[in-house]
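*Asks:* Structure incoming, see below.
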Amino acid sequence: MNQSPEESPRPTRTRAKNVVPDTLWRRGSEGYWWWRNRGNHQLAAMFSTRLRSDRERLKTLRDRHIGERCFIIGNGPSLKKTDLSLLRNEITFGMNRIYLMFEELGFPTTYFFAINTLVIEQCAPEIRVLPMPKFLTWRSRRWMSGDPGTLFIDTDYRGKESFSVDLTGRVFEGGTVTYIALQAAYWMGFQEVILVGVDHSYSTKGPANATVVSKSEDPDHFHPEYFGRGFRWQLPDLEASERSYRLARDAFKADGRKVVDATVGGLLEVFPKVNYKSLFPGRGDS
């Protein structure tokens, strides 16, 4: 996919950086980004009745699905090679623009997750009308406030890398919305979590987390308009995702539970691989 940087450095900022001592600039920059990405959201949380209410709602989901299995559906091109009709009666987690598949699929996912503010900002009207419970980052409240179907989670991507066993506190984002879904699955008590469509591979290259603007159809997801022409998005950080996945793997294992990967042709090597159709005895060829 061809892309271009969202914006170039502003001349005023460049001139200021040239005259401010490096140490002072770094401290000021760190303080600015902490406030922008974490501090102001924590302050808003202290006075928010909505977030307190959502945390009480999250408590009601703890161990709701104890002993059951669920499928976390990624958005990779491999979904086009996967018989998703087998998931009709399963508990499923969808993420980001998975809803572009709902009409063809014939059913929605059980739960929905989104944490990237670029995705939520550009897709808020579409996300609002989704019928299932929606787990969204607290940072997206400016676009999703007033939506009764949304459950805000206090997610954070700048602090300590951790696996949260408590969805009502700070939840580390781990470089991918899939990691949030894994922590939610743990909170809900699922015994087995199965990944599908988590290809862990992108043809679009560039610095991790750089914001780009798509200039053509999207080759890296199941739908050409997923991050289609004109869509602003951030390039993946696959190494950070792998670190997070290892935390998830170890947390589930320590509690006698498991995460397996049934992605068709996926490149992720953190979780044990399983044959997708073997998960449906009598319904699919193994």
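*Asks:* Give the residues of region 131-147 that are under 14 Å from Tyr111 (Cα atoms) and of a type in the set (Phe, Trp, Tyr), sorted by residue number.
*Replies:* Of everything in region 131-147, just one residue is under 14 Å from Tyr111 (Cα atoms) and of a type in the set (Phe, Trp, Tyr), namely Phe135.
*Asks:* Checking Ala208 against (1) buried (at least 16 other Cβ atoms within 10 Å of the Cβ); (2) within 18 Å of the chain's Cα centre (by Cα), which single condition isn't satisfied?
*Replies:* (1)
*Asks:* So, of the residues in region 170-200 that are in contact with a Ser or Thr (Cβ under 7 Å, 6 or more places away or on another chain) and small (Gly, Ala, Ser), which turns out to be nearest to Asp54 (Cα to Cα)?
*Replies:* Looking at the filtered set, the residue picked out is Gly174.
*Asks:* Another question about this same structure. With respect to Phe227, is the statement that it is out of contact with any Phe, Trp or Tyr (no Cβ under 6 Å at 6 or more places or on another chain) and either exposed (fewer than 14 other Cβ atoms within 10 Å of the Cβ) or among the aromatic types (Phe, Trp, Tyr) (or both) true?
*Replies:* no
*Asks:* Collect the residues in region 57-105 that are surrounded by 13 or more Cβ atoms within 10 Å (Cβ to Cβ), of a type in the set (A, V, I, L, M) and more than 18 Å from the chain's Cα centre (by Cα), keeping them in residue-number order.
*Replies:* Scanning region 57-105 gives Leu61, Leu84, Leu86, Leu87, Leu105.
*Asks:* If I filter region 154-169 down to residues being more than 18 Å from Ser53 (Cβ to Cβ) and among the charged types (D, E, K, R), which single residue comes out as modelled with the highest pLDDT?
*Replies:* Glu161
*Asks:* Take Val193 and decide whether it is over 15 Å from Phe252 (Cβ atoms), at pLDDT 95 or above and crowded, with 20+ Cβ neighbours inside 10 Å.
*Replies:* In short, no.
For every residue, the table says whether it meets (1) over 19 Å from Ser53 (Cβ atoms); (2) surrounded by fewer than 20 Cβ atoms within 10 Å (Cβ to Cβ).
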{"residue": "Asn116", "(1), (2)": "yes, no"}
{"residue": "Cys123", "(1), (2)": "yes, yes"}
{"residue": "Glu126", "(1), (2)": "yes, yes"}
{"residue": "Val129", "(1), (2)": "yes, yes"}
{"residue": "Phe135", "(1), (2)": "no, no"}
{"residue": "Ser140", "(1), (2)": "no, no"}
{"residue": "Trp143", "(1), (2)": "no, yes"}
{"residue": "Asp147", "(1), (2)": "no, yes"}
{"residue": "Phe152", "(1), (2)": "no, no"}
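Per-residue answers, yes or no, for (1) β-branched (Val, Ile, Thr); (2) at negative phi; (3) touching a residue at least 24 places away in the same chain (Cβ under 8 Å):
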{"site": "Phe107", "(1), (2), (3)": "no, yes, no"}
{"site": "Ile120", "(1), (2), (3)": "yes, yes, yes"}
{"site": "Cys123", "(1), (2), (3)": "no, yes, yes"}
{"site": "Leu130", "(1), (2), (3)": "no, yes, yes"}
{"site": "Leu136", "(1), (2), (3)": "no, yes, no"}
{"site": "Met144", "(1), (2), (3)": "no, yes, yes"}
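Rundown of residues vs (1) in a strand (DSSP E or B); (2) modelled with pLDDT under 95; (3) not acidic (Asp, Glu), yes/no style:
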site	(1), (2), (3)
Leu79	no, no, yes
Ser85	no, no, yes
Glu90	no, no, no
Tyr99	no, no, yes
Phe102	no, no, yes
Pro108	no, no, yes
Phe113	yes, no, yes
Leu118	no, no, yes
Glu121	no, no, no
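The values are calculated or read from the model by the stated rules, or taken from the named source; none is laboratory data. Source: prediction; values computed, not measured. For neighbour counting, all protein chains shown are included, and Cβ atoms are generated from backbone atoms with ideal geometry for every residue, glycine included.
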